[in-house]
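Beneath this line is the structure, given in structure tokens, with notes to follow.
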Amino acid sequence: MRLLVIGHPYALAYLQRKFVAIKQVDPGVRLRLLTPRAVPHTFRTYPQEIHPCLTAEEVSALRSVLWYSHMTYLLDPLVLAQHLRAFAPEVIHIEEEPQAFVTVETLWLRQRYAPQAAVTLFTWDNLLRRRAFPLQGLKACLRRFSLRRITAVVCGNSEAADRLSEEGCFEGPITVLPQQGLDPVEHATHPEPELRRALGLGASLCVGYAGRLIPEKGVRLLLQALGALQHLPWKLLLVGSGPLESEIRNHWMARYPGRIVHIPAVPHEHVPAYLRAMDIFVLASYRTPRWKEQFGLVLAQAMMVGRPSIVSNSGAIPEVAGPGALVFPEGDVAELRRALQALLTSAEQRARLGQRAREFALARYTLAGVAGRYRQVFELARQAHSARTLPLLTACRCATPERIRLQ
């Protein structure tokens with residue numbers, strides 16, 4: 001299978017591992033991964049990288065324009081058309097939203113330069129928020145254009161799949177899958193005594209969070225909930241960067257002297273070690289009019305390293321956590337405090353919940369398992385497009401979009 005992939009996340013070598021794993025599942029896959037030369041981010045601009053197991057021929061950096069956000073950028077159309085014509089993909093996989101400019105650009109060029117290719121798309125969108133006029137109309141037109149030209153869609157969570165079905169623009173199969181898989185070896189469960197000593201955690205019970213330090217991730221809620229538990233021997237480890245950093249340093253560290261350790265954002269490959277330094281992981285996210293949790297990869301990572309978690313019921317979080325976490329209503333500080341107290345005072349419950357989390361993560365989130373399921377989606381799409389039919393698992397066309405849950 002000749003697989004061409006487009007998506008800005010794959011400028012990072014660490015995330016390219018998904019396609020390395022797909023090639024390991026099926027050595028017959030020929031890969032062409034197209035990314036922007038650089039990806040602007042809140043904290044820094046990420047230059048394009050190449051994973052050691054991939055070649056410069058397999059990973060190409062294209063010039064991009066209109067980088068107001070990942071929704072607006074376009075790739076060099078002449079170079080993109082050249083790749084489509086020369087590589088002659090059997091499957092084009094786009095990891096951008098249907099209304100993203102680069103999605104529309106790719107589909108428009110594919111009609112002329114690679115009509116033989118089936119197109120699959122990954123989407124997170126579990127909110128489908130409305131825009132002001134005329135942006136809402138433009139968004140709707142772009143989504144219709146894209147979804148009517150795609151063979152199969154992979155959704156990162158069940159809510160996104162439900163929204164896509166309700167929207168009515170897409171009639172093909174919808175598969176629910178994580179965007180990324182996790183390496184169980186990298187996410188082993190062994191303790192991190194040296195790191196804990198270096199962080200000054202000592203014998204305290206470490207409550208932790210890793211990710212962006214923004215209000216909607218519930219960092220303030222976590223800090224408020226811990227305020228009523230100062231009689232217990234906890235320390236809080238925060239790993240990440242964001243607009244709440246100065247508030248944490250100037251207000252919360254003074255309020256809880258000696259109890260808070262903050263480490264700025266670390267590379268992806270270092271995150272598992274910091275998660276292993278924690279005794280309890282907390283993800284207290286809450287929805288806003290413009291955002292809600294779409295997956296929470298760091299939660300899956302905490303589960304994979306066998307750490308018990310306390311999570312809100314925001315967005316996709318309960319689906320990701322399964323039986324491996326205590327769940328509280330989003331925004332409810334009192335319930336968060338009760339859950340923290342329950343785990344801080346029971347080593348047995350922490351061990352039991354951590355074991356369930358690890359087992360659930362091994363069943364759903366391993367790199368090899370996720371790669372194999374993507375490979376299955378691509379093959380079904382290729383066969384369906386070759387036959388000039390939508391990929392159905394039954395002999396007749398379904399009245400509503402078919403849902404395939406490969407988690």
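Quick rundown of the values:
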| read-out | value |
| --- | --- |
| Beta bridges by DSSP in the stretch 193-364, antiparallel share as percent, to the nearest 5 | 5 percent |
| Spherically averaged projected area of the stretch 193-364 from its Cα convex hull (nm²) | 9.1 nm² |
| Order of 67, 252 under a 10 Å beta carbon neighbour criterion, fewest first | 67, 252 |
| DSSP-defined antiparallel bridges as percent of all bridges, the chain, nearest 5 | 10 percent |
| Loop-exposed trypsin sites (Lys or Arg not before Pro) per DSSP, neighbour cap 15 Cβ within 10 angstrom, longest uninterrupted part of the chain | 149-289 |
| Equivalent ellipsoid semi-axes, the chain, via Cα gyration tensor eigenvalues times 5, rooted, Å | 39, 21, 21 |
| Per-residue Cβ neighbour rank within 10 angstrom, fewest leading, 141, 155, 206 | 141, 206, 155 |
| Leading residue at positive end of dipole, the stretch 193-364 (Cβ point charges), from 266, 254, 333 | 254 |
| The chain: angle of helix 135-147 to the longest principal axis, Cα-based, in degrees nearest 10 | 60 degrees |
| Spatial separation of Cα centroids for the stretch 244-271 and the stretch 142-174, in angstrom | 39 Å |
| Rounded to 10°, Cα long-axis angle of helix 158-167 versus longest principal axis of the chain | 40 degrees |
| Max mean-square fluctuation residue, GNM over the chain, Cα-Cα springs under 10 Å, options 160, 61, 284 | 61 |
| Cα Rg, Dmax (largest Cα-Cα span) when computed across the stretch 1-131, Å | 14.2, 44 |
| Length gained when the stretch residue 165-residue 190 is fully extended (0.36 nm per residue, less Cα-Cα span) | 4.8 nm |
| Tilt relative to the chain, helix 333-344 - C-alpha long axis, 0 to 90 degrees, to 10 | 70 degrees |
| Pair residue 136, residue 351: separation of 7 Å Cα→Cβ label points (nm) | 5.6 nm |
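The numbers here are math on the coordinates, done by the rules we state, and not lab data. Small disclaimer: the values here were computed from a predicted structure and weren't measured. For neighbour counting, all protein chains shown are included, and Cβ atoms are generated from backbone atoms with ideal geometry for every residue, glycine included.
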